[in-house]
């Protein structure tokens with residue numbers, strides 16, 4: 001019997017013995033089973049800033065994990081060896097949700113990040129780990145491209161404390177050509193995150209010739225400001241050639257500065273530039289008085305002058321979770 005998958009917008013109709021487009025949900029004896037459940041292929045301890053999350057528990061470590069598979073097929077994926085490979089070709093560990101939480105505690109991480117591939121793909125495992133983490137007093141972080149249906153996503157958000165979502169371009173054509181997906185469900189996911197009270201930060205990988213025009217950048221900034229608010233942290237990330245996009249050059253520092261200038265000119269309060277060593281582009285400044293609040297160097301927090309989530313000079317509330 002064929003089974004309709006309702007997790008992501010593809011809505012795969014999975015035949016017996018076959019998998020869906022994500023490659024990890026298999027129709028076994030009339031049940032749709034995620035074969036990577038309990039089998040992470042990557043586990044690391046990262047600074048939370050690497051996600052990137054600059055307004056959530058700065059300076060802390062986060063236990064990061066992933067399984068094989070993804071709901072998207074981005075031609076520039078830097079983790080393509082695990083995101084675009086069938087599970088049986090990827091080395092993995094056997095780790096239950098309870099064991100994963102204990103590992104995070106052992107390494108003194110106050111949070112767990114579901115990252116590297118996409119938690120939308122290994123949804124059931126991410127959800128159960130999140131529930132166990134919440135019970136143990138840990139925070140949960142989603143690093144996602146947001147290609148997931150509303151109902152399961154909002155269920156996951158009930159146990160999520162922070163999310164960084166990659167909005168790749170304000171263009172459905174870009175999503176179809178570069179990612180093998182569509183734009184509208186991603187935007188719905190981003191809005192749902194904010195509605196569910198999750199600390200949200202948005203990232204955008206700036207790719208030369210594809211989404212780096214003033215018009216494309218301005219459209220993204222305008223949408224974020226109007227739908228999420230000017231205090232939503234926005235990260236522009238430098239593109240580095242990977243996977244099927246090795247023909248394009250890395251994004252220039254000039255282009256990254258232009259993206260930042262467009263966002264700042266539009267009134268966005270917290271704009272960052274990643275993958276470039278420029279402290280002024282990674283520090284947090286008070287949008288009220290301009291006071292430097294958090295200094296970072298190469299994704300590592302160096303100084304934090306925030307006091308109870310407020311600017312110590314003008315007392316303005318600074319968006320985020322600071323302790």
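The values are calculated or read from the model by the stated rules, or taken from the named source; none is laboratory data. All values reported here derive from a predicted model rather than from experimental measurement. Every residue, glycine among them, receives a Cβ derived from its backbone with ideal geometry; neighbour counts consider all protein chains shown.
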(message) Here is a check on your reading of the model: is residue 242 at pLDDT below 95 and assigned by TED's automatic domain parsing to the domain that holds residue 56?
(response) yes
(request) Go through region 281-301 and give me each residue that's in contact with a strand residue (DSSP E or B) (Cβ under 9 Å, 6 or more places away or on another chain) and at pLDDT below 95. (result) 299, 300, 301
(request) For region 121-150, name all the residues that are closer than 16 Å to residue 68 by Cα, in a loop (DSSP other than H, G, I, E, B) and touching a strand residue (DSSP E or B) at 6+ places or on another chain (Cβ under 6 Å). (result) 145
(message) If I ask for residues that are surrounded by fewer than 16 Cβ atoms within 10 Å (Cβ to Cβ) and closer than 23 Å to residue 51 by Cβ, which ones from region 297-320 would you list?
(response) 297, 298, 300, 302, 303, 304, 305, 309, 317
(request) For residue 124, work out the one condition from (1) crowded, with 21+ Cβ neighbours inside 10 Å; (2) within 18 Å of the chain's Cα centre (by Cα) it doesn't fulfil. (result) (1)
(request) Within region 65-78, track down each residue that is more than 22 Å from residue 12 (Cα to Cα) and surrounded by fewer than 19 Cβ atoms within 10 Å (Cβ to Cβ). (result) 78
(message) Could you tell me how many of the residues in region 103-120 are in contact (Cβ under 8 Å) with a residue 24 or more places away in the chain, surrounded by fewer than 22 Cβ atoms within 10 Å (Cβ to Cβ) and part of a helix (DSSP H, G or I)?
(response) 2
(request) Look at residue 100 and say whether it is in the same structural domain as residue 244 (by TED's automatic domain parsing), touching a strand residue (DSSP E or B) at 6+ places or on another chain (Cβ under 8 Å) and more than 28 Å from residue 206 (Cα to Cα). (result) yes
(request) Mind counting the residues in region 200-221 that are surrounded by 15 or more Cβ atoms within 10 Å (Cβ to Cβ) and over 21 Å from residue 55 (Cα atoms)? (result) 10
(request) Using the structure shown, decide if residue 95 is assigned to a loop (DSSP other than H, G, I, E, B), touching a strand residue (DSSP E or B) at 6+ places or on another chain (Cβ under 8 Å), farther than 14 Å from residue 70 by Cα and outside the structural domain of residue 20 (by TED's automatic domain parsing). (result) yes
